[in-house]
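The values are calculated or read from the model by the stated rules, or taken from the named source; none is laboratory data. The shown structure was predicted, so the numbers you read here are calculated from the model rather than taken from an experiment. In this analysis, Cβ positions are derived from the backbone assuming ideal geometry, glycine residues included, and neighbour counts consider all displayed protein chains. In case anyone asks, the SASA skips ligands and DNA or RNA and just uses the protein heavy atoms, side chains included. Shrake-Rupley method; radii C 1.70, N 1.55, O 1.52, S 1.80 Å.
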Amino acid sequence: MTDARSATILIVEDEEKYRRLLKTNLLLEGYQVTEAGNGHDALQAVYGREPDAIVLDLRLPEMDGFQLCRRLRQITSTPILALTALNTEADLIHALDLGADDYMTKPFSLQELLARLRALIRRSSGDAAEATLSCGDISLVPDVRELAIRDARNRLTPTEWKLMQEFVGNCGKVLTHEHLLTKIWGPEYRTDHEYLRVYVRKLRACLEPNPRRPVYLITQAGIGYILYPKPHA
Ligand code: CA
């Protein structure tokens, strides 16, 4: 398990003022910090040494944060916390869609940012000792963090993995929105249903023969979701 105190955080931000503020505070918290002012340098940094978490500003010159998010997800499953000055929910949900694990709007509280980073690092560490979990057609393979169903295998991000673990571990039971949000993201997220919607859509893309007509991960309107071990009509 990664000790949060020795974890390395990559800050991707073109504005020096913000970068310095973040760096100073992360160093004070005992993190190691690497920095990048643009997408190219961010990718180089990740190739050089994979960080334990990435703080990514979505407003960057040249390659924008959305493109970068997608590129990063092709090469790493390190948790990504996206930052934006724009408070447009569509943008932020788009960032989650492209593989960010969490997001915050500027100006943000440093204490909250630190709390969210701790949660992200906690969520992504300590998977190695887990046993394979399965229910019916669906298996979770921990060392490679893959979701296997029939002949298909999909690598999951840390957040997708935790959510899928919760579903597989409670196969056939209704799990409420509040339970899932509290368990995976933390109690302060229990009403943030959009996180869950985005992630359920991602999981369905891996699980379902036709994601538009789910037969495994079924919505219980107004309540939550239920994962079935076999296709459920
Ligand atoms: Ca920026």
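In whole percent, what relative contact order does the range 103-183 give with Cα contacts below 8 Å and a gap of six or more residues?
On the way: 63 pairs, mean separation 15.3, N = 81.
Reported as a whole number, the value is 19 percent.
Would you work out if the range 133-227 is rounded, prolate or oblate? Take a ≥ b ≥ c from the square roots of the eigenvalues of the alpha-carbon gyration tensor; rounded if a/c is under 1.5, else prolate when a/b is larger than b/c, oblate otherwise. Could the numbers behind the result be given before it?
On the way: a/c = 1.72, a/b = 1.35, b/c = 1.27.
The shape class here is prolate.
Quick check: pseudo-label points 7 Å beyond the Cα along Cα→Cβ at SER125 and ARG213, how many nm apart are they?
With each label placed 7 Å out from Cα toward Cβ, I get 4.6 nm.
Send over a whole-number figure in Å² for the accessible area per residue of the chain, probe 1.4 Å. The partial results should precede the final answer.
Details: 11080 Å² over 233 residues.
Heavy-atom accessible area per residue stands at 48 Å².
Hey, if you drop one equal point scatterer on each alpha-carbon of the chain and run the Debye formula without solvent, what base-10 log of I(q)/I(0) do you get at q = 0.11 Å⁻¹?
Here the Debye-derived log intensity ratios amount to -0.56.
Quick check for me: using +1 on Lys/Arg Cβ and -1 on Asp/Glu Cβ, what's the dipole size of the chain about its Cα centre, in debye to the nearest 20?
Roughly 600 debye for the chain.
With the full set of protein chains in place, find how many percent of the accessible area of the chain is carbon and sulfur; take the probe as 1.4 Å.
Its accessible area is 48 percent carbon and sulfur atoms.
Counting helices only, and only those DSSP H runs with n ≥ 4, report the 222 nm mean residue ellipticity of the chain as the sum of -39,500 (n - 2.57) divided by its residues, in deg cm²/dmol to the nearest 500. Could the numbers behind the result be given before it?
Values: 8 runs with 93 residues, N = 233.
Computed mean residue ellipticity for the chain: -12500 deg cm²/dmol.
How far apart, in nm, are two points set 7 Å out from the Cα along the Cα-to-Cβ line at GLU112 and at ILE75?
Inter-label distance under the simple model: 3.2 nm.
Subtracting the Cα-Cα distance from 0.36 nm times the residue separation, let me have the gained length for ASP192 to GLN32 in nm, one decimal. Mind showing how you got there, number by number?
Values: separation 160, 0.36 × 160 = 57.60 nm, distance 3.06 nm.
Extending this stretch completely gives an extra 54.5 nm.
In the chain, what is the count of Lys pairs whose alpha carbons are under 30 Å apart, counting only pairs at least 8 residues apart or on separate chains?
Close lysine pairs found across the chain: 17.
Which residues in the range 149-192 place their backbone N less than 15 Å from a point set 7 Å from the Cα of ILE93 along the Cα-to-Cβ direction?
Backbone N within reach: 192.
How big is D for the range 1-52, in µm² s⁻¹ as a whole number, if Stokes-Einstein is applied with the Kirkwood radius of its Cα pairs at 4 °C and 1.567 mPa s?
Values: Rh = 11.2 Å.
The calculation lands on 116 µm²/s.
Once a ≥ b ≥ c are taken as the square roots of the eigenvalues of the Cα gyration tensor of the range 8-124, is the result rounded (a/c under 1.5), prolate (a/b larger than b/c) or oblate (a/b not larger than b/c)?
Values: a/c = 1.22, a/b = 1.08, b/c = 1.13.
Rounded, since a/c falls under 1.5.
Expected output is a single nm value to one decimal: the length gained when fully extending between GLU166 and GLU50, i.e. 0.36 nm times separation in residues minus the C-alpha distance. What is it? Numbers along the way, then the final one.
Working: separation 116, 0.36 × 116 = 41.76 nm, distance 2.68 nm.
Contour length minus Cα-Cα distance gives 39.1 nm.
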